[in-house]
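Data block below; observations after.
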Amino acid sequence: MVVASPNPIIATEKIIETIELPVIDLSMGERSEVSNLVVRACEKYGFFKVINHGISKEITSRMEQESMSFFAKPFPEKELAGPANPFGYGCKNIGFNGDIGDVEYLLLNTHPLSISQRSKTISDDPHRFSSAVSDYIEAVREVACELLELMAEGLGAPDPSVFSRLIRDADSDSIIRLNHYPPMPVPIIGCKDKDTSPSYNTNRVGFGEHSDPQILTLLRSNDVGGLQISLNDGVWVPVSPDPNGFCVNVGDVLQAMTNGRFVSVRHRALTNSYNSRMSIAYFAAPPLNAKITALPHMVSAVRPSLYRPFTWDDYKKAAYSQRLGDARLDLFRKQ
Ligand code: GA4
């Protein structure tokens with residue numbers, strides 16, 4: 001039986017001021033310097049921003065335009081592209097176990113054939129939609145590979161393609177998610193000072209607290225904020241939006257492959273009271289049968305391996321059988 005979600009509708013925890021995430025400028029000259037910066041960001045925050053990534057404005061604008069046109073459709077038309085099980089349009093329901101949020105979305109497999117088939121129920125111009133999405137995917141995949149290679153180099157891995165080859169694989173299980181968080185006015189209730197103080201969250205939760213199961217996530221949003229990351233001490237930190245850059249985060253699989261050296265950090269998205277937030281997330285994943293183990297040189301007598309080996313298929317099944325906020329990597333932790 002699916003039980004109603006205990007997700008908070010309104011986030012009420014204390015927040016700290018917006019932090020500026022480490023910024024990785026991919027046009028910067030010295031490769032070893034860039035790879036060290038990437039590694040440090042993945043160890044400390046599990047998140048960073050990428051600028052000068054080489055993806056043209058034309059590619060991101062076409063993708064954003066298609067996303068906006070879809071979400072602007074009347075609900076019954078959008079429903080024709082659903083349910084999001086496993087791919088398609090979803091509204092409020094997240095996953096299969098009762099999680100909900102103030103969000104509507106399109107979840108798509110990144111294989112070109114799958115996109116062109118899906119596009120028939122998504123767009124009045126399926127060809128235009130699938131070409132915008134495929135071009136976008138190709139471009140973000142390249143940036144993801146470049147970042148994964150910088151990470152491998154920075155970690156001193158003997159094979160710099162040890163991570164990137166998993167997502168370049170034709171059977172990679174990568175997905176793309178188009179999110180729309182409609183404006184959600186929040187009534188001021190309870191203690192006024194607390195509710196309206198800028199150091200408190202008073203917005204509705206669009207997508208609840210979770211970590212991403214895959215290897216790496218590249219997120220692009222419009223200029224409306226809402227993304228928050230959870231730091232070690234449990235404080236929520238808002239991330240400022242940057243439509244020209246990408247916000248990148250480590251997923252659970254990369255945490256396992258680096259034997260816990262990189263951190264897959266919990267994050268969430270709040271809605272804005274006045275403006276629509278639109279985001280597009282590319283989740284870079286391995287093929288289903290890929291065996292996930294820590295890189296040999298990340299394991300030593302002083303740093304024994306933290307996780308049991310698993311396939312991406314095992315991990316995905318575990319993730320989908322749990323609630324959004326569950327700490328699923330713990331299921332694979334050695335005692
Ligand atoms: C979180 C990251 C991605 O958005 C996602 C989500 C997926 C879904 O929305 O169907 C999951 C969630 C995400 C993790 C746990 C499971 C699966 C909802 C859920 C309760 C598409 C993904 O891959 O994992």
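Quick notes on this one:
- Ratio Rg/Rh, restricted to the stretch 51-104 and using Cα atoms, in which Rh is the Kirkwood radius: 1.10
- Top of Leu80, Leu216, Leu108 by mean-square fluctuation, Gaussian network on the chain, Cα under 10 Å: Leu80
- Prolate/oblate/rounded label for the chain (Cα gyration tensor, a/c 1.5): rounded
- For Arg303, net neighbour charge (Lys/Arg +1, Asp/Glu -1) across residues whose Cβ lies under 14 Å away: +1
- Which listed pairs, of Lys73/Lys120; Lys49/Lys334; Lys120/Lys316, have C-alpha distances above 23 Å, in listed order: Lys49/Lys334; Lys120/Lys316
- Net charge contributed by nearby residues that have their C-beta within less than 9 Å of Ala285 (K/R +1, D/E -1): 0
- Distance between the stretch 202-255 and the stretch 62-107 - C-alpha centres, whole angstrom: 19 Å
- Nitroxide proxy distance, nm - points 7 Å out along Cα→Cβ at Asn36 and Glu77: 5.4 nm
- Taking a sphere under 11 Å around the Cβ of Glu79 and counting the other residues whose Cβ falls inside, with K and R at +1 and D and E at -1, yields a net charge of 0.
- When the stretch 235-335 is reduced to its Cα atoms, the Kirkwood hydrodynamic radius in Å: 15.8 Å
- Cα gyration tensor shape for the stretch 285-332, rounded if a/c is under 1.5, else prolate or oblate: oblate
- Cα pair distances in the stretch 29-140, grouped into 5 Å bins until the bin that holds the longest one, percent each: 2, 11, 17, 17, 15, 14, 11, 8, 5, 1, 0
- Fluctuation leader among Phe310, Phe262, Phe246 - the chain, Gaussian network, Cα springs under 10 angstrom: Phe310
- Mean-square fluctuations from a GNM of the chain, with a 10 angstrom spring cutoff on Cα atoms, peak among Ser131, Ser264, Ser211 at Ser131.
Values in this text are rule-based calculations from the coordinates and carry no lab data. Just so we're clear, the structure is a prediction, and the values are computed from it rather than from any experiment. When we count neighbours, we look across all protein chains shown, and the Cβ atoms used for this are built from the backbone with ideal geometry, even at glycine.
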